[in-house]
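Take a look at the structure set out below.
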Amino acid sequence: MTQKLRWGIMGCAQIATGSVMPAIQESETGVITAIASRGLEKSSAAAAEFGIEKAYGSYEELLADPDVDAVYIPLPNHLHYEWVIRAAEAGKHVLCEKPIALDSREAAGMVEACRKAGVHLAEAYMYRHHPRITELQEIIAGGEIGELRSIRGTFTYNDATDTSNIRFKSAWGGGSLYDVGCYPLTAARLLFGTEPEAVTVQALFSPEHDNVDMMASGLVEFPGGRSLIFDCGMWAYNRQLLEVLGTEGRIEIPMPFNARFDDAQFFVYGSSGEPRQVEAFGANPYVQQADHFATAVFSGKPWIAEEDPVHNMKLIESCLESARKRERISLV
């Protein structure tokens, strides 16, 4: 492919330098032309490391660069709204790190601003771009496990001693639901192919960590009596799992949100009770994400529905509301 999307990177966060920037450089469709930070020293160092032509000491300079077609925003969650809006107004396509916003109102404003500016907006859930997801959807659609009944999802890790972590700042969009709970929540929406009707969530709000939810677990109700049972946390043993249950079988997906090449397999259990191991095609999901984003820009056809970020944020904010009020919250 000869056409290249020219990227600008807004910030030098670890997710950018450790995963997304190397992936853009490895992709078939993208090239990084500029990087910006709040200080020129930091962006210059990153530019030198990655062989990027331009480094800026402000995000405004990056947005004014006519050689930048699209921006990747890995800034802290509470800054996403402002800079997505400003990027759209500057005519840049936007890939924004998850969660895209602090609530559905912000997400709706971002979607509308990008629609008005005629630019593409996507939320950076890289796992959805891994080829394993397509294989998983095909097995479900093919009826091998019967009618879909429920999903169980977990994503926990323990980083509680790092009290300076931005994930533990309440006003900045900290907490386990924003950070890792969003993964099983978005996975359930994707696999059920519909929107939830209600949520009931219990959470551990820690005064030691600015009262963010350090652990949460809950029930998400979907139409037809189907459900997601999930738990997430930043103060629990490291683990990930996604289980999809049908009337005739189930699918167990280890490492559902971080798989790449050697860990892309999953297991299908049928009537025999013995698992069938599916050796899914491996890939770097960050590279896939970059290529899918560029394809959407070049074709004008979004890879994921335009309103998807709004639905994601409505679900997350409803989970938080349920946990704080300790009651069932309706989404319809």
### Message
Can you give me the Rg/Rh ratio for the range 129-193, using Cα atoms for both radii and the Kirkwood formula for Rh?
### Response
1.13
### Task
Kindly rank 246-254, 65-73, 29-37 from highest to lowest mean number of other beta carbons found within 10 Å of each residue.
29-37, 65-73, 246-254
### Query
Within a Cβ distance under 15 Å of Gln289, other residues only, what is the Lys/Arg minus Asp/Glu net charge?
-2
### Message
What are the extents of the Cα atoms of the range 4-48 along their three principal axes, in Å, largest first?
### Response
30, 17, 16
### Task
Would you kindly state how much longer the chain becomes between Ala283 and Arg38 on full extension, computed as 0.36 nm times their sequence separation minus their alpha carbon distance, in nm to one decimal?
84.9 nm
### Query
Using alpha carbon coordinates only, what is the Rg to Rh ratio of the chain, with Rh defined as the Kirkwood radius?
0.97
### Tilt relative to the chain, helix 308-325 - C-alpha long axis, 0 to 90 degrees, to 10
60 degrees
### Summary
P(r) over all Cα-Cα pairs of the range 1-133, 5 Å bins from 0 to the longest distance, whole percent per bin, short to long, reads 2, 11, 21, 24, 21, 13, 5, 1
### Summary
Here the equivalent ellipsoid of the range 221-332, derived from its Cα gyration tensor, has semi-axes (largest first, whole Å) of 26, 25, 16
## Note on the structure
Taking only C-alpha positions in the range 88-182, Rg and Dmax in angstrom work out to 17.6, 49
### Query
Given a Förster distance of 41 angstrom, what is the FRET efficiency for Thr247 paired with Glu112, based on the Cβ-Cβ distance and rounded to 0.05?
0.50
### Query
So what's the back-of-envelope 222 nm ellipticity for the chain, counting only DSSP H runs of four-plus at -39500 (n - 2.57) apiece and dividing by all residues, rounded to 500?
-9500 deg cm²/dmol
### Query
What is the sum of charges around Pro223, taking Lys and Arg as +1, Asp and Glu as -1, for the other residues whose C-beta is under 15 Å from the C-beta of Pro223?
-1
### Query
Lys54: which lysines have alpha carbons under 28 Å from its alpha carbon, excluding same-chain residues fewer than 8 sequence positions away?
Lys4, Lys42, Lys92, Lys98
### Task
Provide the packing ranking of 317-323, 80-86, i.e. peptides ordered by the mean count of other C-beta atoms within 10 Å per residue, highest first.
317-323, 80-86
## Note on the structure
Stretched fully, the stretch from Glu321 through Glu135 gains (0.36 nm per residue minus C-alpha distance, one decimal, in nm) 63.5 nm
### Message
Tell me the relative contact order for the chain as a rounded percent, counting alpha carbon contacts under 8 Å between residues six or more apart.
### Response
19 percent
### Task
Kindly list the residues of the range 224-266 that lie in the label zone of Glu197, defined by a backbone N under 13 Å from the point 7 Å along the Cα-to-C-beta vector.
224-228
### Message
What do you get for the angle between helix 182-192 and the principal long axis of the chain? Use alpha-carbon atoms, 0 to 90 degrees, nearest ten.
### Response
60 degrees
### Query
In the range 1-73, what GluC sites (Glu not before Pro) fall in a loop by DSSP, with at most 11 other Cβ atoms inside 10 Å?
Glu53
### Query
Can you give me the pair-distance distribution of the range 292-332, C-alpha pairs, 5 Å bins, whole percents?
6, 21, 18, 14, 11, 9, 10, 8, 4, 0
### Query
Relative to the longest principal axis of the chain, what angle (0 to 90°, nearest 10) does the C-alpha long axis of helix 285-299 take?
70 degrees
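Taken together, the values in this text are just the output of simple stated rules run on the coordinates, not laboratory data. Note that this is a predicted model, so its numbers are computed, not measured. Methodologically, a virtual Cβ is constructed for each residue, glycine included, from the backbone with ideal geometry; neighbour enumeration extends over all protein chains shown.
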